[in-house]
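Colleague: Quick one: the structure is below, and I'll ask about it shortly.
The values are calculated or read from the model by the stated rules, or taken from the named source; none is laboratory data. Remember, predicted model here, so these are calculated numbers, not experimental data. Neighbour counts are summed over all protein chains in view; Cβ atoms, including those assigned to glycine, are modelled from backbone coordinates with ideal geometry. These accessible areas exclude ligands, DNA and RNA; they are computed on the full protein's heavy atoms, side chains included. Shrake-Rupley method; radii C 1.70, N 1.55, O 1.52, S 1.80 Å.
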Amino acid sequence: MRVNHASTLSVDYFVSYLNLIMISMKVSLKKAILYMKKEFFKGETNIYGEMTETHFNQAIKELKQK
């Protein structure tokens, strides 16, 4: 998935992305989070900025509540 480095990614973006990973890879939320941190964020969750990192964490909280 292509990412524009100049924009902030939304909570909905990360909810959708994490759901896609869980469904396509048949993994738990925990494993999907680890996968995203390694592959999407390249080990640095603030690589796309502080707001994007915050939205990623909010998306995780939303998914945990479901």
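Colleague: What are the residues in region 26-57 that are in contact (Cβ under 8 Å) with a residue 12 or more places away in the chain, farther than 20 Å from Ser7 by Cβ and open to solvent by 50 Å² or more (accessible area, probe 1.4 Å), if any?
Modeller: Correct list: Tyr35 only.
Colleague: Could you list, in sequence order, all residues of region 42-66 that are modelled with pLDDT of 95 or more, within 13 Å of Leu9 (Cβ to Cβ) and of a type in the set (A, V, I, L, M, F, W, C)?
Modeller: Phe56, Ala59
Colleague: While we're on this one: Got a sec? Which of Ile60, Ile23 is open to solvent by 50 Å² or more (accessible area, probe 1.4 Å), of a type in the set (Val, Ile, Thr) and part of a helix (DSSP H, G or I)?
Modeller: Ile23
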